[in-house]
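All remarks here apply to the structure that follows.
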Amino acid sequence: MWRRRRGVNLVDTPEMDAFLERLDHTTQAQVLAMTAAWKSTSPGKYEDAWTVIRAVGARDGLTKEIDRVRNKALECAARGTNSVAYTVMDLTRQLRIEAGGAIVGAAVAFALGDRLDAATREVLLGPWNRATEAQGLSDD
């Protein structure tokens, strides 16, 4: 019988649970601010950050786990929130899908934690922190 090799699980952690809970309570204004902050950052910075992420994934054997984090973040973003009326929920879901790059970046930064250097974490968490700090939802 084959057994799944036990290793690091980046999705089912207290850090990811807290992030996904905060994501579920972001407002439309926060999601719009996150998207704007993400789009205002140089694409080269994101490319560099993802180069670091891929290197960490390869070094620590976490490539599949990083993919799971990305998928989970996008899944949660696409489902919207249950705390608002249906028509508003559809708009919120669409806005979160548009903010997918920023949401995935933040999710991976939370999941990998100290495995990433400070500069990479700042690039990935910057849009999240700028958009959510007003209501105390940020990590910092």
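I'm trying to understand the selection: among the residues of the range 105-121, which are under 15 Å from the mean Cα position of the chain (by Cα) and in a helix (DSSP H, G or I)? Answer for the range 105-121, where residues must be under 15 Å from the mean Cα position of the chain (by Cα) and in a helix (DSSP H, G or I): G105, A106, A107, V108, A109, F110, A111, L112, G113, T120, R121. Residues that are surrounded by 15 or more Cβ atoms within 10 Å (Cβ to Cβ) and touching a Pro at 6+ places or on another chain (Cβ under 9 Å) were ranked within the range 37-69; the one that is nearest to G100 (Cα to Cα) is W38. Looking at the range 93-102, is at least one residue modelled with pLDDT of 95 or more, among the basic types (K, R) and touching a helix residue (DSSP H, G or I) at 6+ places or on another chain (Cβ under 6 Å)? No, the range 93-102 contains no residue that is modelled with pLDDT of 95 or more, among the basic types (K, R) and touching a helix residue (DSSP H, G or I) at 6+ places or on another chain (Cβ under 6 Å). All conditions in (1) touching a residue at least 60 places away in the same chain (Cβ under 8 Å); (2) charged (D, E, K, R); (3) closer than 13 Å to L124 by Cα hold for E47, with the sole exception of (1). In the set (1) modelled with pLDDT under 90; (2) closer than 11 Å to T132 by Cα, the condition left unmet by V8 is number (2). Where helices (runs of 4 or more DSSP H) sit wholly within the range 1-67, those with at least 2 residues that are of a type outside the set (D, E, K, R) and within 16 Å of R115 (Cβ to Cβ) occupy 14-24, 43-60.
The values are calculated or read from the model by the stated rules, or taken from the named source; none is laboratory data. The shown structure was predicted, so the numbers you read here are calculated from the model rather than taken from an experiment. Reconstructed Cβ throughout: ideal geometry from the backbone, glycine too, with neighbour counts over all protein chains shown.
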